[in-house]
Amino acid sequence: MIQQHISLKPYNTFGIDVSAESFVSVQTLEDLTSILKTKPSKLLVLGGGSNMLLTKDIQGLVLHIDLKGIEICEKRNETTTVKVAAGENWHNFVLWCLNQNLGGLENLSLIPGNVGTAPIQNIGAYGVELKDTFVCCEALNLETLELEIFSKADCNFGYRSSVFKSEMKGQYIITSVTFELSHSGHKLKTSYGAILSELEKMEIVQPTIQDVSKAVIAIRQSKLPDPKKLGNSGSFFKNPVVTKKYFQTLLSQFPNIPHYPVTENEIKIPAGWLIETAGFKGKTFGNYGVHKNQALVLVNYGGASGQEILDLSQLIQKTIQTIFGITLEAEVNVL
Ligand code: EPU
């Protein structure tokens, strides 16, 4: 049922109160295609609303993808393939996997958002990215209304990127994602510093996938605000990548700058460190600001407008450019 002029506040994790001219939530593929057959002139596709900043009322139709279902497709020697509908909540799906003793997604515990939007930016955390267990996804072509299958290669995944965020942006709606997960011989990824120390704190010597998930949840809860309690969209910016040569220049000025090699000639710098060093960490501006435990996260303390948060993000970008000569790129979609 199409509704008119409804508030999108419950549908975006920043908790921004803008309205949609029309809004519809679809639970079946048939409903989805029949809505699209009406060729809405302006369309905004919404999943979990966890990676967007809404700065104004939305004209046209907001289409909320609420397709549900988890299906075990195939069991092999050590792995099981699972097909998940786009509208399933990501963390609930991770918990379902852990309940079935399926491994591979435990490091991605507690990431907000839905399964269908996870491939768009190749979600990643604690040394694991979605692409590591991704097999394929089904996506509806908005032009032909045919379902197409995208293999891992078709998706062209990179750091926080895929074809759905670049050349195919706005052309497809992902309806399901298939993963290949381990049911035995789980390969734990605990080398990301904080995980090991968290497991130690928990006094766990031989961790299971469930333990790794618990450790990740504890780390996230200590650093990242829960969007149900405090409006936010996770990392607002991507971690910038600079050339080795430029990094050497920075290092002479900022000898403590944290950094990770990406390629032989490229170095990634945590945006959180740049923002903290620029003095923004924990700063509040009325009812919005920069989170006190993780400077990469901008927060809405309640009632802030999307424009105010956008202005703050631009002030941060300008300051980082001035101090470090680095361009910070937003990770969230600004609408
Ligand atoms: N740091 C600071 N100050 C801060 C935050 C970070 O100095 O306020 C420095 C520290 O040196 C720290 C380093 O940055 O050691 C890395 O911090 P952290 O491990 O928290 O990771 P991140 O690079 O800030 C990325 C992802 C997160 C993901 C974590 C863990 C991006 C843009 N963000 O953050 O993803 O959870 O790694 O793997 O890549 C998200 O995308 O919404 C998100 C939360």
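The values are calculated or read from the model by the stated rules, or taken from the named source; none is laboratory data. Note that the coordinates shown come from a computational prediction; the quantities given were computed from them, not determined experimentally. Here Cβ is always computed from backbone atoms with ideal geometry, including for glycine, and neighbour counts include all displayed protein chains.
Brief remarks on what is shown
Yes/no matrix, rows are residues, columns are (1) surrounded by 15 or more Cβ atoms within 10 Å (Cβ to Cβ); (2) β-branched (Val, Ile, Thr); (3) under 29 Å from LEU102 (Cβ atoms):
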site: ALA218; (1), (2), (3): yes, no, yes
site: SER222; (1), (2), (3): no, no, yes
site: PRO225; (1), (2), (3): yes, no, yes
site: PRO261; (1), (2), (3): no, no, no
site: PRO270; (1), (2), (3): yes, no, no
site: ILE275; (1), (2), (3): yes, yes, no
site: GLY289; (1), (2), (3): yes, no, no
site: LYS292; (1), (2), (3): no, no, no
site: VAL297; (1), (2), (3): yes, yes, no
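- Test result for GLU276, farther than 25 Å from GLN314 by Cβ and not assigned by TED's automatic domain parsing to the domain that holds ALA194: no
- Just so you know, in region 260-272 the residues that are near the ligand (Cβ under 9 Å from one of its atoms) and out of contact with any His (no Cβ under 9 Å at 6 or more places or on another chain) include one that is farthest from LYS292 (Cα to Cα), and it is TYR260.
- Test: residue in region 30-47 that is more than 18 Å from GLY170 (Cβ to Cβ), in a loop (DSSP other than H, G, I, E, B) and not assigned by TED's automatic domain parsing to the domain that holds ALA330: no
- Matching residues in region 143-164 - criterion: being among the aliphatic types (A, V, I, L, M) and surrounded by 15 or more Cβ atoms within 10 Å (Cβ to Cβ): LEU147, VAL163
- Sole residue being modelled with pLDDT of 95 or more, closer than 30 Å to GLY303 by Cα and not acidic (Asp, Glu), chosen from PHE236, PHE254, PHE247: PHE236
- Qualifying residue in region 191-205 (condition: hydroxyl-bearing (Ser, Thr, Tyr), buried (at least 20 other Cβ atoms within 10 Å of the Cβ), touching a residue at least 60 places away in the same chain (Cβ under 8 Å) and within 25 Å of THR117 (Cβ to Cβ)): no
- Of all residue pairs spaced 6 or more apart or on separate chains, those with beta-carbon atoms under 9 Å, a first member in region 118-137 that is over 20 Å from GLY47 (Cα atoms) and a second member that is among the acidic types (Asp, Glu) and away from the ligand (no atom under 14 Å from the Cβ) are THR133/GLU180; VAL135/GLU180.
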